[in-house]
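Please read the structure below before turning to the comments.
The values are calculated or read from the model by the stated rules, or taken from the named source; none is laboratory data. Treat the numbers as computed from the prediction; the structure is a model and nothing was measured. Here the Cβ is made from the backbone with ideal geometry for all residues, glycine too, and neighbour counts use every protein chain on show.
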């Protein structure tokens, strides 16, 4: 029924409708909806139409606008949702004949009170926060998507101009796929080796796969790319954001885009640019197929998710979704009513509010249960611990408790970036369900091998547990650029080289950028091999940045978030040196996978293994072979140290002890060759044989024993060596 001027409506509703009579032609005819339900938020497709449920706070009215399939700027009908009661803030209704593929958006009307973060403006077309497919682009240059800032009154005035031509649209989709996403590999955390990558970067230049799937979900599921992951030995691929995002206004002005996707607008919708299909339903199937193929090959999928802010930015940003529905609930505000900016992007999501908690939990469950992913890496995860009033940190916040008690999500791999712009919470996340990125490990490894710090910090980083260890990630230099540039080279980003970190702990080996000097090139590759081996040997979970295994470069750009071009795309036309480095990286990863002594479940005690004599699970040695503890003065001024890793009675994931060979990991962080003496006193004495030496590209077979004369060995400058001692306890322990 058309409900303009319906006499049965309340006085408040009729006042709203009477004010909008002149808008019928502009916004399309307005219809009532049949009774709906709140069992599922967003649009859910049912037998004869669609149920729609929207959380819209104190709005007076919420309408679903359905657009002409052939002209997305033409509204063919508006459908008024009903508010069931005044407590749940949810509007719902059933729209007959609405179906999969229909294009829609939302409009909401209510109080205009920017001081309380209420920006109800019917002229703004809004993205359904629960939309599972979004099409179109956001034009940040149009004033219609913003409100007017009045600097003289310190106030924001409403702009009653239609924003629809400048914002994306939602699409109703049927995301049921009976093929599913396969059985999850459920790889133990001790056996996990992560490969971080952007979807497009990995395969866009991979000419051995069909051109139409390069840089897509289907490209990541191709045999060629999966074969590369399997050869490399990684167990888990961590994808940079795949949820729908838009580019910031300052990037659009420069003709650039947010290539990494850390400016989310839709928590359920996929980034359509990563699909080989223009059909939203097919895009969802393609993503599920990617997950299924990776699962078939025993590779997990982790999503990098951005729940710390949205693309709406500060109070002066565009109104395109949450702000026009219930910004007062989902965004943190200070005592002055202004938005808190702990994300550095203008707003901060309140994950403990009704709106924030429900939508984040629902989004996580959707991608875990329907889309089949195996875990999540939370960007600026400290934001999730902030609660009212004033966004204060509470590590046992409502959201954190909800996540910890969820029977499905709490069992997945959950990784925290343990900081935001205003707080550093390294080590504070509950280790029963969380792993954390360790920037301390990153900086320590860089400083030891490329700067002038001694071994005391290194020994701590090598033997801590519960952290994701990495040397490089999407944010910063690649491994190759870390040893090739002293300075960042970000001019292409259009910010006069002011963006990106200046504190990279890099070293160019006396030549900025590429070089033809063989001596410099040798030292650079040696340092890269030594840093990678340090990460592989360290207790914790190693994470490799895509392309580091083939000496990828970004030409010194340490903030390539807006470079959707050859700066970011991986070039697979490999040189001999690149193939050699790939072989080396694969070799050390498989070494870790083959030996429990190198992939421990828990942090070493540095005490004798109970019931097995006086041999410590981890021990430290000087260059002369004498044992020391981690507080020894030697470590404060030396850059040569040995780490002994016992293979006796290692606790497995099943908590049953297993035996392995024993290993010595010696590092020489100086620029001079150093002679070392291997341990000669019991219980650490024995016949050691070098199996990895980072001073060259030679890959040494574990099957060949090599005698070391007089227990002495020369470790080249900036090199690391792994020695193996065959265990005499290889029989299973009863």
Just need a number here: residues in segment 592-617 that are at pLDDT 90 or above and part of a strand (DSSP E or B).
1
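Can you go through 427, 476 and tell me which one is under 18 Å from the mean Cα position of the chain (by Cα) and outside the structural domain of residue 634 (by TED's automatic domain parsing)?
Numbers: 427 fails: under 18 Å from the mean Cα position of the chain (by Cα).
Testing whether each residue is under 18 Å from the mean Cα position of the chain (by Cα) and outside the structural domain of residue 634 (by TED's automatic domain parsing) leaves just 476.
Residues to consider are 521, 623, 583, 548; find the one that is out of contact with any strand residue (DSSP E or B) (no Cβ under 9 Å at 6 or more places or on another chain) and farther than 24 Å from residue 228 by Cβ.
521
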Only one of 410, 343 that is under 19 Å from the mean Cα position of the chain (by Cα), without any contact (Cβ under 8 Å) to a residue 24 or more places away in the chain and either surrounded by 20 or more Cβ atoms within 10 Å (Cβ to Cβ) or not in a loop (DSSP other than H, G, I, E, B) (or both):
410
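Can you pull out the strands (runs of 3 or more DSSP E) entirely within segment 112-205 that have at least 3 residues that are at pLDDT 95 or above? Can you show your working first?
Working: elements: 148-150, 155-157, 169-171, 194-197.
Correct list: 169-171, 194-197.
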So, in segment 360-379, of the ones that are in contact (Cβ under 8 Å) with a residue 60 or more places away in the chain and assigned to a helix (DSSP H, G or I), which residue ends up surrounded by the most Cβ atoms within 10 Å (Cβ to Cβ)?
367
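Being within 37 Å of the chain's Cα centre (by Cα), at pLDDT 95 or above and either over 27 Å from residue 157 (Cβ atoms) or surrounded by fewer than 23 Cβ atoms within 10 Å (Cβ to Cβ) (or both) narrows it down to one of 81, 106, so name that one.
Working: 106 fails: either over 27 Å from residue 157 (Cβ atoms) or surrounded by fewer than 23 Cβ atoms within 10 Å (Cβ to Cβ) (or both).
Unique residue meeting the criteria: 81.
On the basis of being outside any helix (DSSP H, G or I), surrounded by 16 or more Cβ atoms within 10 Å (Cβ to Cβ), more than 19 Å from the chain's Cα centre (by Cα) and touching a residue at least 12 places away in the same chain (Cβ under 8 Å), does residue 465 make the cut?
Working: outside any helix (DSSP H, G or I): yes; surrounded by 16 or more Cβ atoms within 10 Å (Cβ to Cβ): yes; more than 19 Å from the chain's Cα centre (by Cα): yes; touching a residue at least 12 places away in the same chain (Cβ under 8 Å): yes.
Criteria met by residue 465.
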Pairs, please: C-beta under 6 Å, at least 6 apart or cross-chain, first residue on the phi > 0 side of the Ramachandran plot and in segment 523-549, second at pLDDT 95 or above?
540/469; 547/570
Residue check, residue 180 against (1) closer than 30 Å to residue 413 by Cα; (2) in contact with a strand residue (DSSP E or B) (Cβ under 8 Å, 6 or more places away or on another chain), all met but one. Which one?
(2)
With the checklist (1) touching a helix residue (DSSP H, G or I) at 6+ places or on another chain (Cβ under 9 Å); (2) more than 30 Å from residue 452 (Cα to Cα); (3) surrounded by fewer than 20 Cβ atoms within 10 Å (Cβ to Cβ) in hand, flag the one item residue 659 doesn't pass.
(3)
Give just the number: which of (1) surrounded by fewer than 23 Cβ atoms within 10 Å (Cβ to Cβ); (2) touching a helix residue (DSSP H, G or I) at 6+ places or on another chain (Cβ under 9 Å) does residue 269 not satisfy?
(1)
Report, by residue number, each residue of segment 687-707 that is at pLDDT below 90 and either in contact with a strand residue (DSSP E or B) (Cβ under 6 Å, 6 or more places away or on another chain) or surrounded by 22 or more Cβ atoms within 10 Å (Cβ to Cβ) (or both).
700, 702, 705, 706
